[in-house]
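Just so it is clear, none of the values below were taken in a lab; they were calculated from the coordinates. Since we're looking at a predicted model, the values are computed, not measured. Every residue, glycine among them, receives a Cβ derived from its backbone with ideal geometry; neighbour counts consider all protein chains shown.
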Amino acid sequence: MVGEPGSQEEKKRVADGKRRAILLDFDHTLFDTDRFFWVDLKSAFARFGVPDEAWESSYEAIWPSGYSLVKHLDGLAGLGAIRGPDIRKAMLAAFDADFSDLRRYLFPDVPGFLKAARERGFDLILLSFGDPAWQSYKVQASRIAPLFGEIVYTAKQHGKAEPAEDFGKHYMALHVIDNNPADLDAMKARNSRLQTHLICRAEPSSVEGADPKVRDRFREAARYLTIPSRLSHHRCRSLDEVSL
Ligand SMILES: [Mg+2]
């Protein structure tokens, strides 16, 4: 996070006030969360005989207090969908083998965009909403953490506006890229100088599909299509459309 006023870190930032930065969201912006979570992770549970309905209802029950795999397994055990410690142990081992490297869930344009931005002198900041331990697992397993000068996780709904305002004070120019119009509105409302980019990775044609498997493919990303934005943001479908 930004240093306390008067700290060494703060002085350095003020001295560096001519730099430019990009503030990036993680889920549905850099990372294909729907394919990871709603398609592949759900299928991995299903291979152990967990019914989709139990998987979803236990997920809905735990996520407000912060998601974790262990909590999800506990919830499923409570519903009788997982029987016995051996199965639970086998599931954890299988998940560890399948999901310790998540680089395949980064959208294809991500590595090139981050590299090019750094080469052009931009500082990269990751600002991600969600349970910090769960978000950190996904970011670390995606192997992109070393590219970011700062990584901030907030578990507070609409909690991005405050850190974005802080960062805005220390940069000559600050781009923000996010898939959530409400978060972009909140950030821009505090700092009209932000260059905001609303990215939509969902295929609108697939969203309406009646097949539940197709719906899951863009399950969360599609919800953001229904959120109106009050302020104006540059709309794009890929990072290649973000001109720096
Ligand atoms: Mg997001």
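Details
- D by Stokes-Einstein for the stretch 35-99, Kirkwood Rh over Cα pairs, 20 °C, 1.002 mPa s: 182 µm²/s.
- As a proxy for reagent exposure, ILE87, ILE199, ILE177, ILE125 were ordered by neighbouring Cβ count within 10 angstrom, fewest first; the result is ILE87, ILE125, ILE177, ILE199.
- Dipole magnitude for the chain: computed about the Cα centre from +1 point charges on Lys and Arg Cβ and -1 point charges on Asp and Glu Cβ, it is near 580 debye.
- FRET E, pair ALA44, SER192, Förster distance 45 Å, beta-carbon r, rounded to 0.05: 0.50
- In percent, rounded to a whole number, the relative contact order of the chain is 26, using alpha-carbon pairs under 8 Å and six or more apart.
- Length gained when the stretch ALA145-ARG120 is fully extended (0.36 nm per residue, less Cα-Cα span): 7.1 nm
- Here the stretch 66-123 and the stretch 33-60 have alpha carbon centers that stand 12 Å from each other.
- Pairs exceeding a 24 Å alpha-carbon distance, out of LYS138/LYS188; LYS156/LYS213; LYS115/LYS188; LYS42/LYS71; LYS71/LYS156; LYS156/LYS188: LYS138/LYS188; LYS156/LYS213; LYS115/LYS188.
- Counting every alpha-carbon pair across the chain, the share separated by more than 22 Å comes to 57%.
- In loop segments of the stretch 122-222 as defined by DSSP, the GluC sites (Glu not before Pro) with at most 15 further C-beta atoms inside 10 Å of their C-beta are GLU208, GLU220.
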